[in-house]
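Peer 1: Sharing a structure with you now.
The values are calculated or read from the model by the stated rules, or taken from the named source; none is laboratory data. Note that the structure is predicted; figures quoted are calculated from it, not measured. Glycine gets a Cβ as well: all are built from the backbone with ideal geometry, and neighbour counts include every protein chain shown.
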Amino acid sequence: MSANLFPSLTAETAPIEARRVMEGTAKRLGYLPEPVARMANAPELLEAFLTISGTFEKTTLDPLAREVVVLTVATRNGCRVCVAMHSGIIASHGGAPDVVAALREQRPLPDARLEAVRTFTHEVMDHAGAVPQERIEAFLAHGFTVRNALEVVLGVGAYTVSTFANRMTDAPLDEQLAAFAWEEPAAV
C-alpha cells in the first residue's frame, strides 16, 4: 500500500480537530511519532486511541502486565512499530530481556504470572471475548481478578485499534525506536 494515501501530518497540516492532541503528544514525548502523524488523518481515530490507551494505563493491572497485553496484541497483529515501542517500555518497567524476546517470538514466558497474562490475552482474541470459564479461572489462579480479566479486554481493544491503524497507514519506525526494531516472522 502506498504511504501517500496516509501522509504524515504535522500540527500545521493536520485537520484542526487533531492539532491539540498532536501538539500535546509532541510536547510529552519530545517528538511527534509517525503513528500519531498518520492517525491524524482521522482525528477521531487518533483521539479515541489516545483516550482508550490512556484509560488502559489507569487499570489495576501492574505496568508490566499491561505491557505484556500490548506486546502480545502487537506481535499477533504484526505491528512492527508497536512491538518496537512496547519492547522499550517493557525494558523501562524492569522486564527482563528474556521476557521481551519470548513475547516478540510469541513463545511462553519464563515468568508464570506474566505467562498467564500472555495466554489469557490470546484467549480473549481467539474467542472474541467468549473465553471459556476454565480459561478465565486459570487466569484468576495466578492472583488476577475478574476486574483484571475485563481490563485485558480493554487493552486488546485499545491496541487492536493502534496495530490495525499502524499497519493500514504503513507507519514507519521512528528513529527513536530503532534499537527495538522488529520484523514479523515469516509465516510457516
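Peer 1: I'm checking my understanding of the structure. Among residues of the stretch 1-38 that are of a type in the set (Val, Ile, Thr) and surrounded by 17 or more Cβ atoms within 10 Å (Cβ to Cβ), which one is nearest to the chain's Cα centre (by Cα)? Walk me through how you get there before you give the answer.
Peer 2: Step one: filter the stretch 1-38 for residues of a type in the set (Val, Ile, Thr), giving 10, 13, 16, 21, 25, 36.
Still in the list and also surrounded by 17 or more Cβ atoms within 10 Å (Cβ to Cβ): 21, 25, 36.
Details: VAL21: 19, THR25: 16, VAL36: 13 Å.
The residue in question is VAL36.
Peer 1: May I pose another question? Could you list all residues from the stretch 81-98 that are touching a residue at least 24 places away in the same chain (Cβ under 8 Å) and hydroxyl-bearing (Ser, Thr, Tyr)?
Peer 2: Matches in the stretch 81-98: SER87 only.
Residues checked against (1) part of a helix (DSSP H, G or I); (2) modelled with pLDDT of 95 or more; (3) in contact with a Lys or Arg (Cβ under 6 Å, 6 or more places away or on another chain):
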{"position": "ALA14", "(1), (2), (3)": "no, yes, no"}
{"position": "MET22", "(1), (2), (3)": "yes, yes, no"}
{"position": "ARG28", "(1), (2), (3)": "yes, no, no"}
{"position": "LEU46", "(1), (2), (3)": "yes, yes, no"}
{"position": "SER53", "(1), (2), (3)": "yes, yes, no"}
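Peer 1: While we're looking at this one, here's another question. Just to be sure, is ASN41 modelled with pLDDT under 95, more than 11 Å from the chain's Cα centre (by Cα) and either over 30 Å from PHE120 (Cα atoms) or part of a helix (DSSP H, G or I) (or both)? Spell out how you get there, then give the answer.
Peer 2: Details: modelled with pLDDT under 95: no; more than 11 Å from the chain's Cα centre (by Cα): yes; either over 30 Å from PHE120 (Cα atoms) or part of a helix (DSSP H, G or I) (or both): yes.
When the stated conditions are applied, ASN41 does not pass them.
Peer 1: Can you confirm whether the stretch 85-94 contains a residue that is surrounded by fewer than 18 Cβ atoms within 10 Å (Cβ to Cβ), out of contact with any helix residue (DSSP H, G or I) (no Cβ under 6 Å at 6 or more places or on another chain) and not polar (S, T, N, Q)?
Peer 2: Yes, some residue in the stretch 85-94 is surrounded by fewer than 18 Cβ atoms within 10 Å (Cβ to Cβ), out of contact with any helix residue (DSSP H, G or I) (no Cβ under 6 Å at 6 or more places or on another chain) and not polar (S, T, N, Q).
Peer 1: A follow-up question, please. For GLY78, work out the one condition from (1) without any contact (Cβ under 8 Å) to a residue 24 or more places away in the chain; (2) surrounded by fewer than 18 Cβ atoms within 10 Å (Cβ to Cβ); (3) within 28 Å of ALA128 (Cβ to Cβ) it doesn't fulfil.
Peer 2: Result: GLY78 fails condition (1) only.
Peer 1: Return the residues of the stretch 21-75 that are closer than 30 Å to PHE139 by Cα, among the basic types (Lys, Arg) and free of Cβ contacts under 8 Å to residues at least 60 places away in the same chain; say none if nothing qualifies.
Peer 2: Within the stretch 21-75, LYS58 is the sole residue that qualifies.
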